[in-house]
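These notes concern the structure reproduced below.
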Amino acid sequence: MHLAYPAVLAALLFCTGLYGVLARRNAILVLMSVELMLNAVNLNLVAFDVWLSRTAAETLHSGQALTLFTIAIAAAEIGIGLAIVLAVYRNRGTSDIDKLRDTAEGHGPEGPDGPDGSGGSGGPGSDGSDDSDGDAPAAEKAEATA
């Protein structure tokens with residue numbers, strides 16, 4: 001078999017994974033796309049190992065050994081990544097990467113000045129309303145995390 005066939009397939013897999021990492025907003029789909037990219041690398045490692053072992057007198061199979069190492073690293077990455085995503089989902093209620101980025105920067109989707117331009121959400125009554133029931137869950141969550 002020619003080396004071009006697995007190389008083209010690996011390139012297509014890698015490009016599909018790269019598109020998934022750049023275009024997806026769900027953290028689990030991003031992790032799946034990273035796995036596609038790692039599998040493309042594994043395919044290239046094995047293909048080049050077979051191709052080089054035909055030309056060399058010694059068959060060391062270092063590409064296959066590196067593939068096993070990459071599979072072990074990918075399994076650990078998925079285990080830790082899914083644990084982090086589940087913990088974030090339990091705390092924040094979403095796995096949307098854009099929303100998580102906004103909350104990590106310290107402001108919501110309204111921007112750093114808040115909806116009324118007063119410099120943030122402030123406390124109860126900062127938006128002029130007397131509704132204190134809407135702020136109670138947020139205050140409890142802030143106390144629980146502090």
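FYI, it's all coordinate maths here, none of it is from the lab. These numbers were taken from a predicted model, which means no experiment stands behind them. For neighbour counting, all protein chains shown are included, and Cβ atoms are generated from backbone atoms with ideal geometry for every residue, glycine included.
General observations
- Potential lengthening between A23 and L66 on full extension [0.36 nm per residue; Cα-Cα distance subtracted]: 12.6 nm
- The tail of the calculated P(r) for the range 37-109 beyond 21 Å holds 52 percent of all Cα-Cα pairs.
- Value of Rg/Rh across the range 49-90 [Cα atoms, Kirkwood radius]: 1.37
- Rg to Rh, two decimals, where the range 1-49 supplies the alpha carbon set and Rh follows Kirkwood: 1.08
- For L43, net neighbour charge (Lys/Arg +1, Asp/Glu -1) across residues whose Cβ lies under 15 Å away: -2
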